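No lab work stands behind these numbers, since they all come straight from the coordinates. Quantities reported herein were computed from a predicted structural model and do not represent experimental measurements. Cβ atoms come from the backbone with ideal geometry, glycine included; neighbour counts cover every protein chain shown.
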Amino acid sequence: MSNVIQLNVPCQKQGRISRRNALVGCFAQHRRFGDDVFWLKENAELLNILESSSEELDDHALEFHQNFYDQIESRMGFFPQYYRFLLSICLDLEDLGMPGSKGEALAQWIAREEFVDTELSDLQRFEARRLMQRRGVEPLPDDAGLEDRVRSFMDRSDTFTMPNKKAAYELTHIVFYLSEYGRRDPELSTAAVTSLEFAGLLAYLEQNADLLAEVCVALRFGGQTPSPIWEDWLQRETHRFVINSGPQVSAQDDYHDFFVCNWLMAVSGQDAFVKETSFERMAFFRAEPCAGPLRDMSECMFRLEDQRSSDWYTMRPHVQETLTEIGYDILTEAENSSDKFEIFFAGFARSELKGVAL
C-alpha cells in the first residue's frame with residue numbers, strides 16, 4: 001500500500017504585468033480579427049487607457065500586435081475610413097515601447113490626403129487633430145475656431161440636464177482631448193464643470209457605470225474631485241465584474257464598462273485591472289445593476305404636463321410616490337452627491353417647454 005502525500009501549496013497569485021499581458025493578448029488575438037472595425041475599436045480603447053494611465057507592460061505584451069504594426073501602412077491605404085483608429089493604435093503602441101516610428105509618417109500622409117476635411121463632426125476633427133499633433137502634425141491650420149466651438153458646446157450646461165447619452169459621451173471625450181488624457185490642464189470653465197456634474201447625475205440616476213466612470217475621469221483630468229458617492233459606487237461595481245474565458249464565450253459583453261471602470265481606478269490612484277485574466281478568449285460581464293429611477297422620474301414629469309414645476313421640493317413628493325424603494329434610495333444618494341441637484345432638476349423638469357404651439 002502506498003502513502004499519498006498531499007502538499008498544501010498556496011496558489012500563486014497572478015502578477016500585475018501578467019494580468020495586463022493576458023488582457024492585451026486577448027483583445028489582440030482571441031476576440032476578433034484585425035480587419036474587423038470592432039477589433040480596431042476595442043484595441044484602440046484598451047491601448048489608449050494603458051498608455052494614458054502609464055500602465056506597465058513588457059515586450060511580450062507588445063508582441064501580440066507586432067504583425068498588425070508591421071502591416072499598418074497597407075491597412076491605412078486600404079481602410080482610410082478608419083484612419084483615426086489605425087493612427088491611435090500605432091501611436092499608443094510606439095509610446096508603450098513598440099520599436100519603430102511609423103506614427104509620424106502616417107500622420108503626415110493623413111494630412112497630405114486631407115482626411116480630416118472629410119469629417120462632419122467637430123468632435124471627430126478635434127480627435128484627429130489631437131492624434132496628429134502627438135507627432136507634431138497640424139491637419140487643420142486654417143480652422144482657428146475649432147477649440148472655441150467645442151468649448152461652447154461644453155459650456156451649454158442645460159444640454160446635460162436631459163437624458164442624451166451621445167451628448168454626454170461627447171462632453172467627456174472633449175475633456176480627454178483638451179487635457180491630453182490628463183497630461184495638461186484643460187482649463188475648464190465653471191460652466192463646463194457644471195455640465196460634467198449634470199451628466200454625472202443623469203448617469204448615477206440611471207446606474208450607468210460606463211458613462212459615470214467617464215465623467216469621473218473627465219472631472220479628475222479637469223482638476224476636480226468627483227463625488228465620493230459616485231466613486232465609491234463605481235469601485236464596488238468594478239470589483240463585481242465577472243470574467244469568463246474559453247472559445248465559446250461571446251464578445252457581446254460589457255468590455256467597455258470594464259475598461260473605463262478600471263481606468264477610473266488607475267486615474268484615482270487605486271489598483272486597476274486586478275481581476276485574474278487568462279491567455280485566451282475572454283468576455284467581461286458587469287453584475288446585474290439595480291434599476292435606477294431615471295426613467296420613472298422622467299415619465300412622472302411628462303405625465304404631470306402643466307402641473308410640473310422646476311422647483312425640486314415641490315415636485316419631490318410627486319416623484320417619490322412613483323419610485324420603488326431601491327429607486328428612492330438611489331435618488332436620495334444622487335441628491336446628496338451634488339450641491340447642484342436643484343439646479344439640475346430645474347433643467348430636467350423642462351417646465352418652460354411644456355408644449356409647442358403649432
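Ranked by the mean number of other Cβ atoms within 10 Å of their residues, highest first, the peptides 39-46, 334-341 fall in the order 39-46, 334-341.
Remark: spin-label model distance Asp36-Asn244 equals 1.6 nm, labels positioned 7 Å along the Cα→Cβ axis.
Helices of the chain meeting both criteria, an alpha-carbon length of 15 angstrom or more along the long axis and an average Kyte-Doolittle score not below -1.0, with helices taken as full DSSP H segments, are 16-29, 37-52, 83-96, 102-113, 165-178, 190-206, 209-221, 255-267, 294-304, 325-337.
For segment 180-242, GluC sites (Glu not before Pro) meeting the loop criterion (DSSP other than H, G, I, E, B) and having at most 14 other Cβ atoms within 10 Å: Glu187. Using 13 Å as the cut-off for backbone N distance, which residues of segment 200-217 belong to the label zone defined by a point 7 Å from the Cα of Asn336 along Cα→Cβ? Under cut-off, by backbone N: nothing.
Could you tell me which of rounded, prolate or oblate describes segment 290-346, using a ≥ b ≥ c as the square roots of the eigenvalues of the alpha-carbon gyration tensor, with rounded for a/c under 1.5 and, failing that, prolate when a/b is larger than b/c and oblate otherwise? Since a/c reaches 1.5 but b/c is at least a/b, the shape of segment 290-346 is classed as oblate. Of the trypsin sites (Lys or Arg not before Pro) found in segment 175-253, those in coil by DSSP whose Cβ has at most 11 other Cβ atoms within 10 Å are Arg183, Arg184. From helices alone, the chain scores -17500 deg cm²/dmol at 222 nm; the rule is -39500 (n - 2.57) for each run of n ≥ 4 DSSP H residues, then divide by the residue total.
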